[in-house]
Amino acid sequence: MMQRWFRGSPYRIVLTALVVAVGISTFCAVGWVRAEEENTQVSLSPPEALQSSSSNPSGNGAADTAGTVAAYFLDEAQSSGAQEELDQDPWEPFNDVMFSFNRNVFDRFILKPVAVVWDALLPDPVQRSLRNALDNLAVVRRLVNNVLQLKAEGTGRELARFTINSTIGVAGLFDVAKDGFGIQQSDEDTGQTLGVYGVGPGPYLILPFLPPMTVRDGFGLAADGAMNPLNYFVPFAATAGIYGTSAVNERSLNLDKFEKVEETVVDLYSAVRNAYLQRRAAAIKE
């Protein structure tokens, strides 16, 4: 009786909507962590600035690095390319608030505390194996976009990687293709494909729980999510759990990296924005 009542009631619709929302949010959280990781790598190592810093030690590494990175982005801001980046951020007041929320609320009070516990429970090799397995499932997104961009070499690499890692690598838990055969990932996404075909990036945008993006990359992110096979072969609740686990796992693998960036970069918002826009522009030109 109770089961029939539940099935026929609006509560089932509400519950389904909640599960879908959780799944989307956790998928985006994974993307946010990955994007932050990539952007902070660029922020920590602008090519010329940090090379000059490392070759000229002065006994105050953190202060020197902060000054060097700040000078790097100040110099970039004076160039025409950086001016274009500033022009791509007409919603900066809103974006700045969302950036602070993601860093100071979502990450500080939710994602990072859970990741700290996760890191204490699971050794790094296990965490890396989880990342490898989920990356292996993302082959659909990478393969489709390599094909759409007419990248025959990248398409071949992705097919080879998936075959090797799904078999010898035990369902993708081990990246044997890279570690054993030297086959690197050809990471292409729908945002890059749209850019290759001439779609402009549109304004820079930051939303709660989502990675930094442009409007073009926002549409790309939605398309990439639709290409995840988990959405079609795994129940909603399980998919949401997998996405959530992946987000926590990614944050756990990068516990110290974000803090180092915050300590060394004066204007973190601008540094992340510039790094993101430069990285995406370079990826489209490749």
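Just so you know, all these numbers are worked out from the coordinates, no wet-lab data involved. Predicted, not measured: the structure shown is a model, and the values here were computed from it. Every residue, glycine as well, gets a Cβ built from its backbone with ideal geometry; the counts of neighbours run over all protein chains shown.
For K257, give me every one of the lysines with a C-alpha distance below 18 angstrom, ignoring sequence neighbours fewer than eight places off in its own chain.
K112
Of all chymotrypsin sites (Phe, Trp or Tyr not before Pro) in segment 198-285, which ones are in loop regions per DSSP and have a Cβ with at most 14 other Cβ atoms within 10 Å?
Passing sites in segment 198-285 do not exist.
Below 8 Å, C-alpha to C-alpha, sequence gap of six or more: please give me the relative contact order for segment 137-286 in percent.
21 percent
Ordered by residue, what ³J(HN,Hα) values in Hz, to whole numbers, does segment 194-209 give under the Karplus form 6.51 cos²θ - 1.76 cosθ + 1.60, where θ = phi - 60° and Gly and Pro are x?
4, x, 4, 8, x, 6, x, x, x, x, 5, 8, 10, 10, x, 6
Give me the lysines in straight-line cross-link reach of K151: C-alpha distance below 24 Å, same-chain residues under 8 apart excluded.
Result set, ordered by chain and number: K178, K285.
What is the sum of charges around G172, taking Lys and Arg as +1, Asp and Glu as -1, for the other residues whose C-beta is under 14 Å from the C-beta of G172?
Once all neighbours under 14 Å are counted, the net charge is +1.
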